[in-house]
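Since the structure comes first, as structure tokens, the remarks are kept for the end.
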């Protein structure tokens, strides 16, 4: 029962992370060409999105728990741990590239002279993060539908 709950929470929280991530990816080609003032205005739509951090933390925790619960089911474990590692990588991208852009621009309320540098960094890091979250979702979904074969006793995972 714990595995079913963990898988459900993991998939739900991953889906909640994937929606905004794909939004960033899909709007990139249109936003990257906006003028300084247009870009500043458009960035205002993200106010309040920090609350999505709850979904990110939930996805990280539940995906790790799912992987640990699957440690004796080789194929499913590898997919679940891959999902977790993709989420960790997405977070590294966010904290190394996206967050500094948010700080440099005071969450896009102020545009410094080098704003195009920060825009490129922000947009491309969100695109990379979206692909990593998508990979995490696919890996986690596959861990549900692919082999739940148990690893023989004493076998390495």
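Coordinate-derived values only; no laboratory data. Keep in mind the model is a prediction, meaning the values are calculated, not measured. Reconstructed Cβ throughout: ideal geometry from the backbone, glycine too, with neighbour counts over all protein chains shown.
The table that follows gives values for the structure above.
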| read-out | value |
| --- | --- |
| Two-site label geometry, residue 34 and residue 4: point separation in nm, points 7 Å out along Cα→Cβ | 4.5 nm |
| Nearest-ten-degree value, helix 53-69 long axis tilted from longest Cα axis of the chain | 20 degrees |
| Using alpha-carbon coordinates, inclination of helix 2-31 to the longest axis of the chain, degrees | 30 degrees |
| Alpha carbon centroid spacing (whole Å) that separates the range 110-131 from the range 60-82 | 33 Å |
| For the range 33-53 versus the range 1-19, the gap between their alpha-carbon centres in whole angstrom | 28 Å |
| GNM top mover of 97, 137, 84 - the chain, alpha-carbon springs below 10 Å | 97 |
| Ordering of 44-51, 60-67 by burial proxy (mean other Cβ atoms within 10 Å per residue, highest first) | 60-67, 44-51 |
| Between 0 and 90°, nearest 10: helix 115-145 axis offset from the chain longest Cα axis | 20 degrees |
| Paramagnetic reach from residue 109 in the range 35-72 [backbone N under 13 Å; point 7 Å along Cα→Cβ] | 44, 47-48 |
